[in-house]
Amino acid sequence: MIKTLLNFFLLIFLIEVSAQVKPESFLLPTDENYLSKINSPNPVSNSILDIVTIGDAVWLGTSRGVSVSFDRGESWTNFYGTSPFGDDNVSALAYYNGVLWAATATSVEGVGGGTVPKGTGLKYTTDNGLTWTSVPQPVDNDND
């Protein structure tokens, strides 16, 4: 009885896991071992720091700003080099109550010649990226 119940739960678990990892809208080339999109442009960066999904929309926070796909990755809109992002990277993305937030940063020279991240503020959109509002980097003191 216990063995039958364990087998049943194992079967349910395997069905649930396989249902979660099956891609729905990507094509697999027959002679390659990777997923490829039919249409592009691709996101402008190959380093993704944060991912937020809202329905079919996929928002990426990358080392080259924010990228979004409204068709599950078939095509992308990139905000790198646009106002208010410029050439900043994104250190975090968050979505709450209809507002998508992006925390941005850049690299500056640190003590000893290395680079360190420096926050450049927050950007948010309430209309899926059609317009963005910039909030200056919060600091404790004017000298920070």
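Values computed for the structure shown
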item: Carbon and sulfur %, accessible surface of region 47-141 computed with the full protein complex present, 1.4 Å; result: 52 percent
item: Region 64-144 - accessible surface per residue (Å², probe 1.4 Å); result: 60 Å²
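The values are calculated or read from the model by the stated rules, or taken from the named source; none is laboratory data. Everything numeric here is computed off the predicted structure, so don't read it as measured data. SASA here: full protein model, heavy atoms, side chains in, ligands and nucleic acids out. Shrake-Rupley method; radii C 1.70, N 1.55, O 1.52, S 1.80 Å.
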